Amino acid sequence: MKDSIRHLIQQALVRLTAEGVLPEGLTPAIQVENTRDKSHGDFASNIAMMLAKPAGLKPRDLAEKLIAALPQDAQISKVEIAGPGFLNFFQNSDALAERLEAALADPQLAVRKASAPQRVVIDLSSPNLAKEMHVGHLRSTIIGDAIGRVLEYLGDEVIRQNHVGDWGTQFGMLLAYLEEKPAAAESELSDLEQFYRAAKQRFDESAEFADRARELVVKLQAGDAQCLSLWTRFNDISLSHCQKIYDRLNVNLTPADVKGESAYNAELADIVEALRSKGLLTEDNGAQCVFLDEFKNAEGNPLPVIVQKAGGGYLYATTDLAAMRYRSQVLHADRALYFVDQRQALHFQMAFEVARRAGFVHAGMQLEHMGFGTMNGADGRPFKTRDGGTVKLIDLLDEAEQRAYALVKGKNPDLDEAELRQIARAVGISAVKYADLSKHRTSDYRFNFELMLSFEGNTAPYLLYAYTRVASVFRKLGQGIDEIAGQIQLEAEQELALAAKLAQFGEVLNRVGEKGEPHLLCAYLYDLAGLFSSFYEHCPILSAEQPEQKQSRLRLAALTGKTLKQGLELLGLETLERM
C-alpha cells in the first residue's frame, strides 16, 4: 500500500511541476509511514513540509494543492491535512477487504517482490572444522538462514555458501594426531574440542610430533594422496557434527552447500598474479599488499590488504577474493550477502574494494557485509561456561530443550511423554532462535533463558501460542483453515486494525530482504499476534450474532493463522497446532 501511495504522490508532484507550482528538477525521497493513531488515518507523508521551501509556499498551502492534484484511487477513502502539513491517507475498508480476500486465496498470500528477482549468494555459518560449533556460530547461521528463506519466498534464486575453515597450518597437527591414533580417533572425534586439545598437547610436548605435523602441512598443500585422504576423513566427520546442529536448528544448510577455504586453494596464486597484472600490488617487507588510499590507519597512512605473506603463504583476504571472483564469474550472482561478525566490517569493506578494482566481480554485483553483534551472558560479558571455556552450541540447545520440557510439563502435566518432548523441542529451539532474530542484527544482546522462554512479551513461546489460539478456533469449529466460505467485512475497530496489519505482510518481507534484518519480521509478527488477541477478545467469532459476521471473522482468523505460520517458518521456527 505504501508503494501505491508513493506512486500517487509522485503523480501529483509531476502535475504540480507541470503547472509551475513546483520548480523543475526536484527529486525528493517520498516518505510514507504507518500512523500511530488510526484516528489520523492509516498512512502519513511529510512531502508537503519537505517541498514547501522550494515551492515558496507554506506547508499546509502546498498540502492542499497536493491533495487537489492526487489521482483518484479506490483503495483510498480520503486524504486529510494534519498538524503543520502532514498528508494523512485513510484506506477504503472495502478495498482493504478485497486485498485480504486476494491474499487468502493465494498460496503466496499475495506477497510479491517489489523489485526484479535476483540470483543471491548468501555466505553463512562458516564454522572452523578444527573445532566444534560454539555459540559464536549461532548468529551467522540463523540470521543468514532467515534472510535466505525470505528472499526465496519473494522469488529470488538463493545460493547458500558455507565457507567453512577447512584449510591451514593447524590441520597438520590434527592430521598427525589422526594418523597416530587411527583406532581411537573415531570415538575421540565425537568431541572435537577434546580432539583438538589432545592434538595440541602432543604438538607442544613432542618435537617429533611437531615435526611430523609440519611435514604433513607441506604434503597436504602439495596434494599428497594419503594426506588428502586423512584430511578428507577428518573433514567428513567434522561436517557431520555441523550437519546435526543444522538439522536440529531447522536450518536450510546441507553438505552440498559447503564451499570451504580449501576449494579456492588452487586459485590463490592466480589471484595474486591477477592483482599484479592490474598494477595493484606493492611489496612491503616481503609481503604482497594492495594499499587503498581511502582506508587509513591512526597515523593517516593507507592500510594494506595483505594477500601473500613474506614466506609465501596466503591469508583470509586472498581466499575471500577468490570466493568473490567465483561467485561473480561462475555463480553469476547479482548480489552476495556476507553474514559475518560486525568486527570484520573493515576487512570486508577493503576486500570488496579490491575485488572491484581488480575486476573480480562484475560492475552490477552488490557486495554487502551483513554484520552482526555478539551474544553475551546475562552479565553483559562474552558468553562463556562457568569455567571460562567456550560454550558448545550443542550444549546450549540441550539446555534449551530441557528447560522447555520442564516448563511445558508444568503447564500440561497430563500430556503424554512423546508429545511433551515434541513440544519441548519446538519451544526450546524456537526460543533460542527467536531471542536472537528479534534483536537488531548489529546489536549485541544478553542471552537469558528465563526471558526467552516466557509466554509474555516478544518471545517465541508467545508467538507459538498465538498461532495455537487460531488453530483452536478451527479445531472447535471442526473445519480446516482453508474450508471457510463467505466474505471478509470490516466493521469493528479491532477488525480494521487487524486487517490493516495483515495487509502489510508483503511490505515487511520486502524490507527484510532488502536490509537483511529479521527483527523487522519478528516485530511485525508480535504486533500481529497482539492485534489478533484484541480482535479475539472484542469480536466473538464462533458466537457471532450474524452468520455473515461469523464467516467474515473466521476468514480474518484464517488469514491471521496463515500469516503467523508463514512468518514463523520464514524465521526457521517450527509451529505447533497446540501447546
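List of remarks:
- When region 542-569 is limited to residues that are open to solvent by 10 Å² or more (accessible area, probe 1.4 Å) and hydrophobic (A, V, I, L, M, F, W, C), the one that is modelled with the lowest pLDDT turns out to be Ala544.
- Put simply, of Arg421, Arg446, Arg469 the only residue that is in the same structural domain as Ser533 (by the TED database), charged (D, E, K, R) and more than 21 Å from Asp145 (Cβ to Cβ) is Arg469.
- Enumeration of residues in region 55-71 that are open to solvent by 60 Å² or more (accessible area, probe 1.4 Å) and more than 17 Å from Gly41 (Cβ to Cβ): Gly56, Lys58, Asp61, Lys65, Ala68
- Any hit, region 365-379, residues being open to solvent by less than 40 Å² (accessible area, probe 1.4 Å), farther than 27 Å from Cys289 by Cβ, in a helix (DSSP H, G or I) and modelled with pLDDT under 95: no
- Number of the condition not met by Ala12 [criteria: (1) at pLDDT 90 or above; (2) closer than 25 Å to Leu154 by Cβ; (3) out of contact with any strand residue (DSSP E or B) (no Cβ under 9 Å at 6 or more places or on another chain)]: (2)
- Any hit, region 223-231, residues being at pLDDT below 90 and either within 24 Å of the chain's Cα centre (by Cα) or at positive phi (or both): yes
- Residue satisfying condition, being over 29 Å from Ala345 (Cα atoms) and in contact (Cβ under 8 Å) with a residue 40 or more places away in the chain, within set Leu407, Leu393: Leu407
Here is a yes/no grid of residues against (1) closer than 30 Å to Leu367 by Cβ; (2) at pLDDT below 95; (3) of a type in the set (D, E, K, R):
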| site | (1), (2), (3) |
| --- | --- |
| Ser454 | no, yes, no |
| Leu502 | no, no, no |
| Val508 | yes, no, no |
| Arg511 | yes, no, yes |
| Glu517 | yes, no, yes |
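- Unique residue being without any contact (Cβ under 8 Å) to a residue 24 or more places away in the chain and either of a type in the set (A, V, I, L, M) or out of contact with any His (no Cβ under 6 Å at 6 or more places or on another chain) (or both) when the list is Ala269, Ala274, Ala355, Ala345: Ala269
- If you go through region 313-343 and keep only what is among the aromatic types (Phe, Trp, Tyr) and open to solvent by less than 20 Å² (accessible area, probe 1.4 Å), you end up with Tyr338, Phe339.
- Set Phe209, Phe295, Phe291: member being surrounded by fewer than 19 Cβ atoms within 10 Å (Cβ to Cβ), more than 30 Å from Asp398 (Cα to Cα), of a type outside the set (A, V, I, L, M) and touching a Leu at 6+ places or on another chain (Cβ under 6 Å): Phe295
- Taking the criterion of being open to solvent by less than 70 Å² (accessible area, probe 1.4 Å) and in contact (Cβ under 8 Å) with a residue 60 or more places away in the chain, the residues of region 11-52 that qualify are Asn34, Asp42.
- Within region 382-401, if we keep just the residues that are at pLDDT 80 or above and out of contact with any helix residue (DSSP H, G or I) (no Cβ under 8 Å at 6 or more places or on another chain), the residue that is least open to solvent (accessible area, probe 1.4 Å) turns out to be Asp398.
- Among residues of region 5-47, those that are acidic (Asp, Glu) and under 32 Å from the mean Cα position of the chain (by Cα), counted: 3
- Number of positions in region 31-45 that are hydrophobic (A, V, I, L, M, F, W, C) and in a loop (DSSP other than H, G, I, E, B): 1
- Filter pass, Gln566 being more than 30 Å from Leu124 (Cα to Cα) and among the polar types (S, T, N, Q): no
- Filter result for Lys65 (within 14 Å of Ile5 (Cβ to Cβ) and not in a loop (DSSP other than H, G, I, E, B)): no
- Residues within region 215-253 that are under 21 Å from Asp191 (Cα atoms) and touching a residue at least 60 places away in the same chain (Cβ under 8 Å), tallied: 12
- For region 472-485, the criterion of being under 26 Å from Met133 (Cβ atoms), over 20 Å from the mean Cα position of the chain (by Cα) and among the aliphatic types (A, V, I, L, M) is met by no residue.
- Here Gly410 clears all of (1) over 25 Å from Leu570 (Cα atoms); (2) open to solvent by less than 30 Å² (accessible area, probe 1.4 Å); (3) assigned to a helix (DSSP H, G or I) except the condition numbered (2).
The values are calculated or read from the model by the stated rules, or taken from the named source; none is laboratory data. Only a predicted model underlies this, so the values are computations on that prediction, with no experimental measurement involved. Please note: Cβ atoms are built from the backbone with ideal geometry, for glycine as well, and neighbour counts cover all protein chains shown. Please note that ligands, DNA and RNA were not included when accessible areas were found on the heavy atoms of the full protein model with its side chains. Shrake-Rupley method; radii C 1.70, N 1.55, O 1.52, S 1.80 Å.
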